[in-house]
Amino acid sequence: MQKSLYITSNGRLRRHENTLYFEMGAEKKAIDIENVEQIHIFGEVDLNTKALNYISQYGIVLHFYNYYGFYAGSFLPRKKNVSGDVVVRQALHYLDREKRLFLAYCFVESAVYHMMRNLRERKEAEAYLIAIEDEWEKGRFNISSISELMGLEGRIRNIYYQSFNQFLPEDFSMEKREKRPPTNPINALISFGNSLIYSHTLSQIYQTQLDPSISFLHEPSEKRFSLSLDISEIFKPLIVDTVIFKLLNNHQLELEHFDEDLNYCYLNQEGKKIFLKEFQSKLETTVRHRQLNRNVSYKGFIRLECYKLIKHFIGDQVYSPLKAWW
Amino acid sequence: MFVIVTYDINEKRVNKVRKILKKYFTWVQNSVFEGEITYGKLEKCKRELLSVIEKDEDSVYFYEMDYKLVCNKKVLGQEKNYDSVII
């Protein structure tokens, strides 16, 4: 499997001896460039066009995050998998109101399924699970527009986040979900995890013929790769939230791993490393796929969602979103 | 698959071989590399090496294992290089 690399230290990324080197002062580390698929840069890193040109030869995607761990942007090399046909058909599914609503509904359905899956085994959160189920069963049949669907999803997510207080350590209690900027540790964790999954999904979309800017649930606004947001919806509860639960309940992450400023909160470098390690091992965890009859990693499942979407667009097979069966 | 590569090459060509292996594996010790790699990439690497080495003088050994877990690595003394995806 091609690996993802995370750079949290400060230094210089440099092309040397036909491979990449990461230099931290006197210390040098060679990177086996052939096996790298994406590099996530959290530290202060210098790099020049010579390095960028070499990176793009291998189709490696660079993701940049700012000091606080928020996603800043990506460097996508010239795309090698392009198919005008798929893009045109993808756009057709956006233009047709019914077809767009179907896909948007699929994403939300899968997201809600995974949220409920997270709560299912927790006795403390039973009331919330029932509340989510009620809300979903009540709302799912009378959706006539994307904004209604978004509203329903928002309400469910509210209940879901409230339930966190029941089973997470008291230090990490949350009144409500706050973004831009997150004001307490748990919100900071969710934001950090979500930006990671967003960029990972973008890397996977980049490897397929899909156009990352044509989306269905989110408006394809001009400033973001919103298809990545759509697909991330499925994987946020499946990957990010489970990683957070594990790290907090096993006390691997404590309050000391967060820096708080006047009105915002973020993970410090040590905390980021702990989170990234767990996140990466989650992505590499494999599950036996029943139809493919082989082991597929969580990262592989993101790619499979992209392939399923392509099949849907070209009229091969109707899209049915991932619902974790294990 | 997990592969350990060791080599014994004439001084004239040793740097060329080292540079090729660097792209595919992680350096562990002098003349030793290791790392996870796909079958296709491994073949590509061998091709590249074949164009550089002299067959009747140099040798490169590949210890190929299907799974990394098969190989139990124990270190005595200094560990010269660590392999981690988080730098």
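The values are calculated or read from the model by the stated rules, or taken from the named source; none is laboratory data. The model shown is predicted, which means the values in this text are computed figures rather than measured ones. Cβ atoms come from the backbone with ideal geometry, glycine included; neighbour counts cover every protein chain shown. SASA here: full protein model, heavy atoms, side chains in, ligands and nucleic acids out. Shrake-Rupley method; radii C 1.70, N 1.55, O 1.52, S 1.80 Å.
Of the residues making up the range A:227-249, at least one is over 26 Å from A:ILE143 (Cα atoms), away from chain B (no Cβ under 14 Å), among the aliphatic types (A, V, I, L, M) and more than 17 Å from the chain's Cα centre (by Cα). Residues in the range A:183-210 that are surrounded by fewer than 22 Cβ atoms within 10 Å (Cβ to Cβ) and either touching a Gly at 6+ places or on another chain (Cβ under 9 Å) or in a loop (DSSP other than H, G, I, E, B) (or both): A:THR183, A:ASN184, A:SER195, A:GLN207, A:THR208, A:GLN209. Screening the range B:55-78 for residues that are surrounded by 11 or more Cβ atoms within 10 Å (Cβ to Cβ) and more than 14 Å from the chain's Cα centre (by Cα) and picking the one that is nearest to B:ILE20 (Cα to Cα) gives B:ASP58.
Considered as a group, the residues in the range A:10-32 that are under 14 Å from A:GLY43 (Cβ atoms) and crowded, with 18+ Cβ neighbours inside 10 Å include one that is farthest from the other protein chains (Cβ to nearest Cβ), and that residue is A:LEU13.
Just the residues that are part of a loop (DSSP other than H, G, I, E, B) and open to solvent by less than 10 Å² (accessible area, probe 1.4 Å), please, taken from the range A:33-65. Hit for the range A:33-65 is A:ILE60, nothing else.
Across the range A:129-160, the number of residues qualifying as part of a helix (DSSP H, G or I) and in contact (Cβ under 8 Å) with a residue 24 or more places away in the chain comes to 14.
Listed by first and then second residue, the pairs linking a residue in the range A:184-210 that is touching a residue at least 40 places away in the same chain (Cβ under 8 Å) to a residue that is polar (S, T, N, Q) and open to solvent by 10 Å² or more (accessible area, probe 1.4 Å), with Cβ atoms under 8 Å apart and 6 or more places separating them unless they lie on different chains, are A:ILE186/A:SER173; A:SER199/A:SER74; A:LEU202/A:SER74; A:GLN207/A:ASN81; A:THR208/A:ASN81; A:GLN209/A:ASN81; A:GLN209/A:SER83. So which of A:GLU126, A:GLU109 is farther than 19 Å from A:TYR307 by Cα and in a helix (DSSP H, G or I)? Being farther than 19 Å from A:TYR307 by Cα and in a helix (DSSP H, G or I) holds for just one of A:GLU126, A:GLU109, which is A:GLU126. Of all the residues in the range A:297-311, those that are surrounded by fewer than 17 Cβ atoms within 10 Å (Cβ to Cβ) and within 23 Å of B:VAL85 (Cβ to Cβ) number 2.
Out of all the residues in the range A:109-119, is one or more among the charged types (D, E, K, R), open to solvent by 90 Å² or more (accessible area, probe 1.4 Å) and in the same structural domain as A:LEU276 (by the TED database)? No. For the range B:6-16, a residue qualifies if it is out of contact with any Ser or Thr (no Cβ under 9 Å at 6 or more places or on another chain) and either polar (S, T, N, Q) or open to solvent by less than 20 Å² (accessible area, probe 1.4 Å) (or both), and the qualifying residues are B:ASN10, B:ASN15. Close contacts from the range B:27-50, counting a first residue that is more than 10 Å from B:MET1 (Cβ to Cβ) and a second that is of a type outside the set (A, V, I, L, M) and open to solvent by 50 Å² or more (accessible area, probe 1.4 Å), with Cβ to Cβ under 6 Å and a gap of 6+ residues or different chains, come to B:GLN29/B:LYS80; B:PHE33/B:TRP27.
Considered as a group, the residues in the range B:17-39 that are open to solvent by 50 Å² or more (accessible area, probe 1.4 Å) and within 19 Å of B:ASP66 (Cβ to Cβ) include one that is farthest from the other protein chains (Cβ to nearest Cβ), and that residue is B:TYR39.
Counted as qualifying within the range A:211-289 are the helices (runs of 4 or more DSSP H) with 2 or more residues that are within 20 Å of A:LYS323 (Cβ to Cβ), modelled with pLDDT of 85 or more and open to solvent by less than 20 Å² (accessible area, probe 1.4 Å), namely A:226-235, A:242-249.
In this structure, does A:LYS246 turn out to be within 19 Å of A:LYS308 (Cβ to Cβ) and among the basic types (Lys, Arg)? Criteria not met by A:LYS246.
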